[in-house]
Amino acid sequence: MKNEGKMTFREAFSLNFRAFKLLRQKRPGLFESIFCNAVVTAVIPYIGIYFSARILNELGGERRPEVLWEWVLLTVVVTALAGLLKAAAARWQNSREGANYFIRTDIYNDKMLRMDFCVLDEQHTHDLYSQIKQNDNWSGWGFWRVRVNFERIVNAIITILSGLALSVTLFTLPVPAGSQYAFLNSPLFILAFLAIMAVVIFLAPLCITKADSYWVKASDGARFSNRFFSFFGFIMHTKERMLDMRMYNQQEICSQSYKHDNVFGPDGPMARYSKGPVGGLVALSAAISTVFTGFAYLFVCLKAWAGAFGVGSVTQYVGAITALAKGVSDLMKIAGEIKNNGEFLRTSFEFLDLPDRMYQGSLTTEKRADRQYEVEFKDVSFKYPGSEDYALRHVSMKFKVGERLAVVGRNGSGKTTFIKLLCRLYDPTEGQILLNGIDIRKYKYEDYLQVFAVVFQDFQLLAFPLGQNVAASQDYDRKRAEKCLRMAGFGERLDSMPEGLDTCLYREFDEKGVEVSGGEAQKIALARALYKDAPFIVLDEPTAALDPIAEYEVYSHFDELVSDKTAIYISHRLSSCRFCDEIAVFDHGQVVQQGSHDSLLADENGQYAKLWHAQAQYYEKHKDGEPEDL
């Protein structure tokens, strides 16, 4: 765990209280239901203790039938009402915390959806979130522990109050004067008893808190071990890995790696702690509490023997005094756990408090009926956070609505970075990007995004109905969705689907769901971009998964597909760039050439010509079957 200084109780309480308020905001009524259920649950045992004492006192005293019947009837009625109240409170609590896991997940999901993409994309952000998940998985530290501790605090407080109410008369009822046990009435003796009680109250939870601190020390290893287990323990269930696992016997290396993770094993640190200091501290805590229970029995029984109260009250006072000590002890334990939990909440809030770095504009993107938009890169340079090398350097270009721009270049030449800057997933390190002459940072971010429809190379579809995937919405224009699918070349497959647009993709949630190939998924992603009907459409390797015939169909209808939109097309297949008006050639983060296919090919020493001929050799052959010498 990242060391940010010793955790003080004040800081820990502040972090736990902040988490409490956040959970309560996310799930109104949750803590109120927990409170009611905890109060009823804690009170019920003392109802039995109180009424049992009354019945036993009567049985050991005058044994009046009418009085016994009254106590028995009252016991039954009160116990029945308490049971009904308990059932109602438990049902309320269950209804409120039924989705508790998702509440905690939503807190982090909301943050990730709100934060700047450049912050989300950083490794530090992913490391923090991974730590949070592993803390929650291996022991429930963090937000879940706040909910647990709240319930335990309520239980402890009610236990203390109930114990006090039932044990007050233990100290006020005197032993008859002249008895050899009259010393039990002495204030000094009572103070000594309370002193022993105080020692138990503080020592027992102190031992438990110290024991829990070892789990905090082991948290780094435990998180890593849980991460290991989450990956290797379920790797056989991952559909995408099944082929490689079978072909290369990867289960062997995975099994060996899994066995090497010994944090939770019999020889690991957890076991050593449990057999050593943790086990000793827990045993000492239990021993201290047991000794006190014995002393409480001795004190109560002596007073009953001396005639201070009836034998039936013994059960009341022993139960009350031990419960009182346990309640206070539990409260102290919880205080220690709150402090330990603060270490884990510190990580949670470090993630939730990650600051956004991008300027939030206020201008509304102009909704032009003529779609006359112009984007200009003006001497743009960019390097990723933490890197000294520029991913883009001095890029300047303009493109207007209706133009077709192809972006080509080797891997790592800056093509994807160019698209990220265009969509304002990152801001330039130097230079400006202008939309209709205005710096894009001045526009409202959500408004600016509406100008673009992008098919990323690693696009994702959801296990929802086909139509909802295309529209990215539950409510959508069915005719428009179908038209976009047919324009993207998915019409034949759509006709074969029995439920049409209502056909669910994949089988995670619907046994009648259909599996689609990579090429079919790419067509659906293209249809999704068309459905958005944005002025700019960006296609990152849009035909990479298509067969040559399907690819040809897409290219031959490309003008129809993009209509009056500006199309920015990224591809490694230079043969597919011929239909574009302009081609920008990237190399080492710079635009080294720009022009039409013919003009770029005419420059035989240029980068485009080299790339073109390097690919062409695989298609063009001499009559003798040997590749052309390039």
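To the nearest 0.05, how large is the calculated FRET efficiency for ALA87 and VAL592 if R₀ is 60 Å and r is the Cβ-Cβ distance?
So, using R0 = 60 Å, E works out to roughly 0.20.
Can you give the FRET efficiency for VAL282 and GLN457, using 1/(1 + (r/R0)^6), R0 = 56 Å, r = Cβ-Cβ distance, to the nearest 0.05?
Working: r = 54 Å, r/R0 = 0.97.
E between VAL282 and GLN457, to the nearest 0.05, is 0.55.
Beyond a 29 Å Cα-Cα separation, which of these cross-linked pairs lie in this structure: LYS21/LYS133; LYS26/LYS512; LYS26/LYS326; LYS210/LYS326; LYS133/LYS415; LYS21/LYS442? Kindly include the intermediate steps, with their values, before the conclusion.
Details: LYS21/LYS133 20 Å; LYS26/LYS512 35 Å; LYS26/LYS326 33 Å; LYS210/LYS326 18 Å; LYS133/LYS415 34 Å; LYS21/LYS442 35 Å.
Checking Cα-Cα distances, LYS26/LYS512; LYS26/LYS326; LYS133/LYS415; LYS21/LYS442 exceed 29 Å.
Using only the alpha-carbon atoms, how far is helix 607-616 inclined from the longest principal axis of the chain? Give it as 0 to 90 degrees, nearest 10.
Tilt relative to the chain: about 90 degrees.
Can you tell me how the range 99-140 classifies by the Cα gyration tensor, rounded, prolate or oblate, using a/c under 1.5 as the rounded cut?
It comes out oblate by the Cα gyration axes.
How many angstrom lie between the Cα centre of the range 1-56 and the Cα centre of the range 162-190?
33 Å
If you take the square roots of the eigenvalues of the alpha-carbon gyration tensor of the range 155-219 and sort them as a ≥ b ≥ c, do you get rounded (a/c under 1.5), prolate (a/b over b/c) or oblate?
Note, shape of the range 155-219 comes out oblate.
Which part of the range 425-461 falls in the paramagnetic zone of GLN372, meaning amide N under 17 Å from the point 7 Å along Cα-to-beta-carbon?
Counting only backbone N, you get 435-438.
Mind checking the per residue accessible area of the chain for me, 1.4 Å probe, whole number of Å²?
Heavy-atom accessible area per residue stands at 53 Å².
Per DSSP H run of n ≥ 4, the term is -39500 (n - 2.57); total these for the chain, divide by its residue number, and report the mean residue ellipticity at 222 nm rounded to 500 deg cm²/dmol.
Value at 222 nm, helices only: -19000 deg cm²/dmol.
Using amide H atoms built in the peptide plane, which far-off residues or other-chain residues are under 5 Å from GLY431 H to H?
SER381
Taking Cα atoms, how many degrees apart are the long axis of helix 277-305 and the longest axis of the chain, rounded to 10 and kept between 0 and 90?
30 degrees
Percent antiparallel among DSSP beta bridges with both residues in the chain, to the nearest 5?
The antiparallel proportion sits near 50 percent.
Could you please state how large a percent of the accessible area of the chain is carbon and sulfur, counting protein chains only and using a 1.4 Å probe?
Details: 19090 of 33240 Å².
Using a 1.4 Å probe with all protein chains present, the chain comes out at 57 percent carbon and sulfur.
Taking 0.36 nm per residue of separation and subtracting the Cα-Cα distance, what length does fully extending THR79 through THR364 add?
96.1 nm
Go through 511-520, 353-362 and give me the packing order, highest mean Cβ count within 10 Å leading.
So the order, starting with the most tightly packed, is 511-520, 353-362.
Against the longest principal axis of the chain, how steep is helix 219-232, in degrees 0 to 90 to the nearest 10, with axes from Cα atoms?
50 degrees
For every other residue with a beta carbon closer than 10 angstrom to the beta carbon of SER33, add +1 if it is Lys or Arg and -1 if Asp or Glu, then tell me the sum.
Details: positive: ARG27, ARG91, ARG96; negative: GLU32, GLU97.
Residues near SER33 contribute +1 overall.
Relative contact order, percent, of the chain when contacts are C-alpha pairs under 8 Å separated by at least 6 residues?
15 percent
When the dipole is taken about the Cα centre of the chain, and only Lys, Arg (+1) and Asp, Glu (-1) are charged at their Cβ, what size is it in debye, to the nearest 20? Walk me through the numbers on the way to the answer.
On the way: 70 positive and 75 negative charges, 700 e Å.
Once rounded to the nearest 20, the dipole reads 3360 debye.
Using only Cα atoms, locate the centre of the range 282-357 and the centre of the range 101-117, then give the distance between them in Å, rounded to an integer.
37 Å
Decide, for the chain, between rounded, prolate and oblate: order the square roots of the alpha carbon gyration tensor eigenvalues as a ≥ b ≥ c, take rounded if a/c falls under 1.5, and otherwise choose prolate if a/b is larger than b/c, else oblate.
Prolate, because a/c is 1.5 or more and a/b exceeds b/c.
Considering the dipole of the range 336-462 built from charges on the beta carbon (Lys and Arg +1, Asp and Glu -1) around the Cα centre, which of LEU449, THR347, VAL408 is farthest to its positive end?
VAL408
If r is the Cβ-Cβ distance from ASP495 to LYS400 and R0 is 41 Å, what FRET efficiency results, to the nearest 0.05?
Using R0 = 41 Å, I get an efficiency of 0.65.
Where the centroid of each part is defined by its Cα atoms, how far is the range 376-410 from the range 559-598 in Å?
13 Å
The values are calculated or read from the model by the stated rules, or taken from the named source; none is laboratory data. Small disclaimer: the values here were computed from a predicted structure and weren't measured. Here the Cβ is made from the backbone with ideal geometry for all residues, glycine too, and neighbour counts use every protein chain on show. Please note that ligands, DNA and RNA were not included when accessible areas were found on the heavy atoms of the full protein model with its side chains. Shrake-Rupley method; radii C 1.70, N 1.55, O 1.52, S 1.80 Å.
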